[in-house]
Amino acid sequence: IMLLGSLGFGITGISSYLNKDIIYFLEVKNIVFFPQGLTMLIYGTLGLIISMNQFRILILKIGEGYNEFNKTNGTMTLFRKGQTNEQSDIKIIYQLADI
């Protein structure tokens with residue numbers, strides 16, 4: 001949804017700069033490039049950057065993990081996947097008596 005919204009803002013900003021309707025159902029003749037069109041173009045660019053970062057997080061599965069309660073060993077293990085290498089993974093082991 002953020003990607004589609006940011007594309008809409010970006011296309012509207014570019015259309016107001018060119019003073020021409022890029023998409024036929026978007027009428028931008030009433031939008032002046034400075035300040036409305038420029039603001040929409042900036043919002044569209046920022047939204048595009050944030051949505052690409054969210055896609056990267058989904059593809060790399062950052063933050064996924066598991067919780068393991070082991071009564072035989074008396075431990076609880078928390079594991080979360082980090083960025084791209086194993087050094088950024090988080091693995092914490094607690095004793096159940098401490099919890």
### Task
Consider a paramagnetic label point 7 Å from the Cα of residue 57 along Cα→Cβ; state which residues of the stretch 1-22 have an amide N under 16 Å from it.
1-3
### Query
So how much slack lies between residue 87 and residue 67, counting 0.36 nm per residue of separation and subtracting their Cα-Cα distance, in nm?
5.3 nm
### Mean Cβ count within 10 Å, highest first, over the residues of peptides 9-17, 73-81, 40-48
9-17, 40-48, 73-81
### Message
Number of Lys pairs in the chain with C-alpha atoms less than 27 angstrom apart, excluding same-chain neighbours closer than eight positions?
### Response
6
#### Entry: Between 0 and 90°, nearest 10: helix 38-60 axis offset from the chain longest Cα axis
30
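Take the solvent-accessible surface of the protein heavy atoms, probe 1.4 Å, and return the percent of it on the chain that carbon and sulfur atoms account for.
Values: 4940 of 7800 Å².
Answer for the chain is 63 percent, counting heavy atoms of protein chains only.
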### Query
Cα-based Rg of the stretch 17-98 per 2.2 N^0.38 Å, rounded to two decimals?
2.05
### Query
Taking only C-alpha pairs under 8 Å that are 6+ residues apart, what is the relative contact order of the chain in percent?
21
### Message
Before I look further, what does the chain give for accessible area per residue, probe 1.4 Å, in whole square angstrom?
### Response
79
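The values are calculated or read from the model by the stated rules, or taken from the named source; none is laboratory data. All figures in this text were calculated on a predicted structure; none of them were measured in a lab. Using ideal geometry, Cβ is built from the backbone for each residue, glycine included, and neighbour counts are taken over all protein chains shown. Please note that ligands, DNA and RNA were not included when accessible areas were found on the heavy atoms of the full protein model with its side chains. Shrake-Rupley method; radii C 1.70, N 1.55, O 1.52, S 1.80 Å.
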